Structures are given as structure tokens and as C-alpha cells.
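Encoded as C-alpha cells, the structure appears first; notes follow it.
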Amino acid sequence: MATINTQYQLVEHSDYWVVPLQGKTVTRCLVDHAFGLELWACEGTTTIRVEGGFVFQGSGGEYQLSPAHPTALGPALSTLGKTVAVAKVYKDGCLAVHFADGSTLSVKPDTAYEAWEIAGTGGLHIVCPPGGGLSIWQPARAENTL
């Protein structure tokens with residue numbers, strides 16, 4: 001009997017895709033020329049990297065943030081330990097990560113460069129190219145025989 005592994009497959013809707021991150025927890029925040037969230041699980045790691053401005057909305061309010069100003073990223077560091085409720089990538093290039101506690105991280109496309117990217121286990125890779133839209137590489141649907 002063959003089964004199809006869809007664990008790392010995106011789910012398409014009319015104007016967005018759901019990224020398979022529901023229930024995963026932010027295990028590390030990364031700050032360099034970008035702001036990153038690492039979600040580690042036994043089956044592998046997924047990283048979300050934001051290279052431009054973004055909005056973080058949490059219990060303390062709404063914050064306009066940018067990795068260009070790393071000392072102001074404090075509110076976004078509160079994502080450490082938060083669990084993803086749903087992550088959506090919109091076909092126009094917007095990214096929205098909703099956490100179980102009601103906080104959100106959202107990114108709009110940038111006209112000059114890649115605004116964000118998601119890279120995960122199994123070959124999943126999504127990039128918002130300059131000007132918006134999406135470039136998507138999905139893992140092949142693997143058939144496993146029992």
C-alpha cells in the first residue's frame with residue numbers, strides 16, 4: 001500500500017497558501033542583516049527570515065520594526081517560545097504569521113529586494129521577490145511503501 005507524504009506541502013486557497021507550520025514553536029530568534037525565526041521540531045527545522053520592515057503586533061501594542069535597527073527589535077524577540085497557529089503567504093507577496101496567543105508578525109513586499117523567505121525541511125522554500133509575488137519550491141510528493 002502506498003501513501004503520499006504531504007507533511008511539507010502548502011495548501012492553496014484563492015489568494016494565499018497555508019504554510020505547514022501550525023503547532024510548531026519558535027525555538028530561536030536570529031538577528032543579523034535580517035530578523036529570523038527558527039522553528040525546530042523532531043522532523044526538522046524551518047526558518048523564516050525577514051530582510052526588511054515588518055509589523056509585530058502583540059500584547060504590548062503594534063510595532064513597526066526593521067533589522068536595519070536591531071536595537072529596536074525587542075518586541076519581536078517575544079516570539080521566542082510562541083506556537084504558530086497559522087502561517088499564510090499571500091499571492092501578492094505578503095506574509096502573515098499568527099501565533100496561538102493572538103500576536104502576529106506580518107511583512108509586505110519590498111520594491112527593491114526580497115522582503116522575506118521561508119526555508120524548511122524536505123525542500124520547502126518560499127521567497128517574496130522584489131516587487132511582490134511568490135517564488136515557491138515545494139518538496140516532491142514522496143510515495144512511501146509500507
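Being at pLDDT below 95 and of a type outside the set (A, V, I, L, M, F, W, C) is the filter; apply it to the stretch 1-21 and report the residue that is least open to solvent (accessible area, probe 1.4 Å).
9
Quick one: which residue in 89, 84 is among the hydrophobic types (A, V, I, L, M, F, W, C), open to solvent by less than 10 Å² (accessible area, probe 1.4 Å) and closer than 25 Å to residue 131 by Cβ?
None of the others qualify; the one that does is 89.
Name the single residue, out of those in the stretch 33-78 being in contact (Cβ under 8 Å) with a residue 40 or more places away in the chain and β-branched (Val, Ile, Thr), that is farthest from residue 94 (Cα to Cα).
So the residue we want is 45.
Restricting to the stretch 102-122, what's the tally of residues that are surrounded by fewer than 17 Cβ atoms within 10 Å (Cβ to Cβ), part of a strand (DSSP E or B) and aromatic (Phe, Trp, Tyr)?
Of the residues in the stretch 102-122, 0 are surrounded by fewer than 17 Cβ atoms within 10 Å (Cβ to Cβ), part of a strand (DSSP E or B) and aromatic (Phe, Trp, Tyr).
Name the single residue that is least open to solvent (accessible area, probe 1.4 Å) among those in the stretch 123-133 being in a strand (DSSP E or B) and free of Cβ contacts under 8 Å to residues at least 60 places away in the same chain.
Applying the filter and picking the extreme gives 127.
Which of the residues that make up the stretch 100-122 are in contact (Cβ under 8 Å) with a residue 24 or more places away in the chain and closer than 18 Å to residue 41 by Cβ?
Listed by number, the residues that qualify are 118, 119, 120, 121, 122.
Only residues that are more than 22 Å from residue 127 (Cβ to Cβ) and either open to solvent by 40 Å² or more (accessible area, probe 1.4 Å) or modelled with pLDDT under 95 (or both): list them for the stretch 92-101, please.
100, 101
Testing residue 144 on (1) modelled with pLDDT under 95; (2) of a type in the set (S, T, N, Q); (3) part of a loop (DSSP other than H, G, I, E, B), one condition comes back false. Which one is that?
Status for residue 144: all satisfied but (3).
May I ask you to list pairs of residues, at least six apart or on different chains, whose Cβ atoms are under 9 Å apart, with the first in the stretch 79-90 being part of a strand (DSSP E or B) and the second being charged (D, E, K, R)?
Hits for this filter: 83/24; 83/101; 84/24; 85/101; 87/24; 90/15.
Taking the stretch 56-78 as the region of interest, how many residues are open to solvent by 60 Å² or more (accessible area, probe 1.4 Å) and either part of a helix (DSSP H, G or I) or under 24 Å from residue 8 (Cβ atoms) (or both)?
Summing the residues that are open to solvent by 60 Å² or more (accessible area, probe 1.4 Å) and either part of a helix (DSSP H, G or I) or under 24 Å from residue 8 (Cβ atoms) (or both) in the stretch 56-78 gives 3.
For the stretch 31-48, which positions are closer than 22 Å to residue 100 by Cβ and either among the hydroxyl-bearing types (Ser, Thr, Tyr) or open to solvent by 10 Å² or more (accessible area, probe 1.4 Å) (or both)?
Selection gives 38, 40, 41, 42, 43, 44, 45, 46, 47.
The values are calculated or read from the model by the stated rules, or taken from the named source; none is laboratory data. Since we're looking at a predicted model, the values are computed, not measured. All Cβ positions, even for glycine, are placed from backbone atoms using ideal geometry, and neighbour counts span all protein chains on display. For the accessible areas, the whole protein counts, side chains as well, though only heavy atoms, and no ligand, DNA or RNA atoms are used. Shrake-Rupley method; radii C 1.70, N 1.55, O 1.52, S 1.80 Å.
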